[in-house]
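**Student:** Below is a structure I'd like to ask you about.
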Amino acid sequence: MPIMFASFMLAADTPILSGDGPWRVDPSACRLERTYSGGTDRGGTDHVLVMLSPDALSASLIVNNNYERQLPGDRPITMLTVTGPAGATSFPLLGDEASRSSPKAKTTNFGYGLFSETLLDAMAAGETLNVARLGGPSLAFRIDDVARSRPMLDQCLAASIEQLGIDPAIRAGSSIRPKPLGDTSGWFDRRRYQGFTSSGRLRVTMLVTVSPEGRATACRPHDPSTNREALAVACAELMDRGRFTPARDGANNPAIGYTLVPLLLSY
């Protein structure tokens, strides 16, 4: 859950970057994108791509950058803070919501995995997004025009939810997504899928409804192009063998929820 603070102060040397242009809406991916450039005083060409992408199951914020000295990939991002006229709202990143980094490519990607769009709401009402890192300086972006693109993003998101057949009430009632227990590859007999591919590779992504007891109660494709015969076999195996930690509601009680389970096979 977000944490409210009455005030928030950036470090004196934290750059607050302005966007190179307005936010761009990518309707095919329900995503807002904006680039930020901070000059060359920090070494090389400083360039950051910020992507705000609420999908049918979660809201994620991705920062892809080549700030070699500013955001090295071996220092995880631990906190997002949105500041605005009403003060500051902070979103700590813990566990599998924390940053995923690639030092070689000098990029840092991270996601905030809430079903509700609390992060998007905060950014639409805020002025600055601050990215805090473990053992390193922060980075801040001016975001005071997110609200202008919010209606287009909401329309795209609503269409995605409807297309996937997701119940908005279940989605809104889950603050923590269900998670598979153990290695999901053990749920599937790979010998049963070889006849479904001629390329030697098969990908099936299942949208799964999970009960408060951690059992799969429904399984359907997340991607409309999924091989339906392979999906039928995979869903049957998942429904039989799959076990999950259940979703949690706002009071931390077990709840019905949705999650994605990918099956990737190579022969």
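**Student:** Working out 0.36 nm times the residue gap between Arg201 and Ser18, then minus their Cα-Cα distance, what length gain in nm do you get to one decimal? Present the calculation step by step, with values, prior to reporting the outcome.
**Tutor:** Working: separation 183, 0.36 × 183 = 65.88 nm, distance 4.30 nm.
Full extension from Arg201 to Ser18 adds 61.6 nm.
**Student:** So, R0 is 41 Å and r is the distance between the beta-carbons of Thr217 and Tyr267; what FRET efficiency does that work out to, to 0.05?
**Tutor:** Details: r = 31 Å, r/R0 = 0.76.
E between Thr217 and Tyr267, to the nearest 0.05, is 0.85.
**Student:** Now for a separate question. Using a 1.4 Å probe on the protein chains only, how many percent of the accessible area of segment 128-242 belongs to carbon and sulfur? Don't jump to the answer; show the numbers that get you there.
**Tutor:** Details: 3020 of 6000 Å².
So the carbon and sulfur contribution to the accessible surface is 50 percent.
**Student:** Could you do me a favour and compute the accessible area per residue for segment 184-267, 1.4 Å probe, result in Å²? Don't skip to the end; give the middle numbers.
**Tutor:** Details: 4360 Å² over 84 residues.
Value for segment 184-267: 52 Å² per residue.
**Student:** I've got another one for you. Taking the inverse of the average 1/r across all pairs of different Cα atoms in segment 138-267, what Kirkwood radius in Å do you get?
**Tutor:** Working: mean 1/r = 0.0604 Å⁻¹.
By the Kirkwood definition, the hydrodynamic radius is 16.6 Å.
The values are calculated or read from the model by the stated rules, or taken from the named source; none is laboratory data. Computed from a predicted structure; not experimentally measured. With ideal geometry, Cβ positions are generated from the backbone for all residues, glycine too; neighbour counts draw on all protein chains shown. What goes into the accessible areas is simple: the full protein's heavy atoms, side chains included, and nothing from ligands, DNA or RNA. Shrake-Rupley method; radii C 1.70, N 1.55, O 1.52, S 1.80 Å.
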